[in-house]
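J.: The structure follows.
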Amino acid sequence: MNKYGAYVKFTAKPGKREPLTDIMLEAAAALQALPECEIYIVNQSGQDPDAIWVTEIWSSAEAHQASLSEPATKEAIARAMPLIAGVESIPVLPLGGKGL
């Protein structure tokens, strides 16, 4: 399996988690049109009031990289950037499991 995955933590600026979550959920809906995006789940942290975690799996690292050039992705990033205090990404190599 040559899939690409990542766990990405977005730290919102104080008080901006809800609007950032809304943008992330809109992005998730738009990704339904890209079959290369196999999983894209937006999660809010139960411990950190400013944290959003995204779990994503793509058919390949190249497909993930190509998605960043999509007009809808660029627009979502532009809207989200002013709300973000920090981003941490942990790339992973998915091996298998339920839903994959």
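Just so you know, all these numbers are worked out from the coordinates, no wet-lab data involved. Not measured: the values here are computed from a predicted model. Virtual Cβ from ideal backbone geometry, glycine too; neighbours counted across all protein chains shown.
J.: Are any residues in the range 1-28 aliphatic (A, V, I, L, M) and under 13 Å from the mean Cα position of the chain (by Cα), and if so, which ones?
T.: Ala6, Val8, Leu20, Ile23, Met24, Leu25, Ala27, Ala28
J.: What are the pairs, 6+ residues apart or on separate chains, where a residue within the range 65-77 that is touching a residue at least 12 places away in the same chain (Cβ under 8 Å) has its Cβ under 7 Å from a residue that is not in a helix (DSSP H, G or I)?
T.: From the range 65-77, the pairs are Ser67/Leu34; Ser67/Cys37.
J.: Filter the range 1-44 for residues that are of a type in the set (Ser, Thr, Tyr) and without any contact (Cβ under 8 Å) to a residue 24 or more places away in the chain and give the result.
T.: If the condition is that a residue be of a type in the set (Ser, Thr, Tyr) and without any contact (Cβ under 8 Å) to a residue 24 or more places away in the chain, then Tyr40 is the only one that fits.
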